[in-house]
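The values are calculated or read from the model by the stated rules, or taken from the named source; none is laboratory data. None of the values given here were measured: they were computed from a predicted structure. Because the Cβ atoms are built from the backbone with ideal geometry, glycine has one as well, and the counts that use them run over all protein chains shown.
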Amino acid sequence: MMIEKSDAALRRSRLLLHASEALSATSTTADVLVTAPALLRDTMGAMHAAVVPAGPPTGAASAVSEALTRTAIRDRRSQFYESAIDLTVEHPALAEDFTQLGWQAAVCAPLPGESGAATGALLLAWDEPRNFYVFDRAVVATLALYVGQALDRAVKHDARAAITEALQQAMISQLPHVDDYDVAAYYRAADAQRVGGDWYDVIPGPHDRLALVIGDVVGHDPAAAARMGQLRNMLRAYLVDRREPPSTLLRRLDAANHALGEPTMATAVVAFLDRAPQGGHRLRWSNAGHPPPVLIEPTGEVRSLTGNDTLLGARRNTPRHTYTAALPPGSTLLLHTDGLVETRKHSIDEGFARLHRRLRRHDAENPRDLLNHVAGEMACECSDDIAMLAIRVPHARASVDDAMLPLGIRRPVS
């Protein structure tokens, strides 16, 4: 007898350990609602197992589930039905439903919530009568506790995820429609449960000017996202209100950054893309410690647009410079955050080299496709947030007079 009790205790310990490990691996409510029933069918040999959250009934057996769950939650204790007779005596209106389901025994245990109120119930059913001994009742009570804790944790996880997603979506800029230029953006958070400090902006200006911004605030938490929002909004105001070079705008931004409390550490590029006085397009930019813009020429050549100053928030009144480059017709400009090129296995220089190799392999005619290709190839190697902005400069267009000239002849640009 002592040996049998010892064996039963060992089986119960192993069963509950397995259940604890399986449920601790769940994170979302959907995980719990899938994992727990499969676990219960396996450990208890039940023909039916379900976790029924408190609230309106759902599913094919909703009437039965709702009735049993309501009783267990109302009485605040597990309900054990050892035969079909027990089921029909307790719930006579559901006798036909029990017969159709083939249930000959069932148990419904309330799931204890953190606040003390039940968050739902554990429902198990068998296709033959069953005696629930002390061992069985103890196992059911413990399993209900484990599932209740997992469900409580998952509900909080889902709530945080929903808030994070809403906050992140609110902080992702919507791209404006701009004539001539083909613009695309990409954003990926390293972790769905956290908001990042990466941002980008595209702001149309007067005389066909396009203001381009990409930045990265140090940190990966709501505080970093809030600081990012402050910097981005201040810079937006300057871009709309001022007609100044990129370096001057970054100096203004950093002055405000230091004046309004503890300065935020961040990197950023502010660039103006417009038509050059002698024709074509030019880029003027200022870089505050950020990865350099990348130019992809129609020939497939890829090169970084160098020129870099100190990151924002490092020190007051740091000198900043504006750099200028001509953009060939049909070329594509790529701005990105360091999450695209930094990995734990490779240096930053190796990351830039890998990025350039991948850019040479892909057609840059469609910026959206280009970003998707690059993200698919580079993102799997990266563990940081990634933001990218790609802008394709239009191809040179012949004038009406030029179209009437012999093939291969074009008027010189004055």
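Quick notes
- Any chance S78 is over 37 Å from the mean Cα position of the chain (by Cα) and not acidic (D, E): yes
- Residue list for the range 57-84, filter: modelled with pLDDT of 90 or more and farther than 22 Å from A138 by Cα: A84
- Candidates V240, V302: the one that is out of contact with any His (no Cβ under 9 Å at 6 or more places or on another chain) and either surrounded by fewer than 22 Cβ atoms within 10 Å (Cβ to Cβ) or modelled with pLDDT under 90 (or both) is V240.
- Residue within the range 47-68 that is of a type outside the set (G, A, S), in a helix (DSSP H, G or I), over 30 Å from R160 (Cβ atoms) and assigned by TED's automatic domain parsing to the domain that holds D152 present: yes
- Screening the range 201-308 for strands (runs of 3 or more DSSP E) wholly inside it with 2 or more residues that are under 23 Å from H177 (Cα atoms) returns the ranges 210-217, 266-275, 281-288, 294-296.
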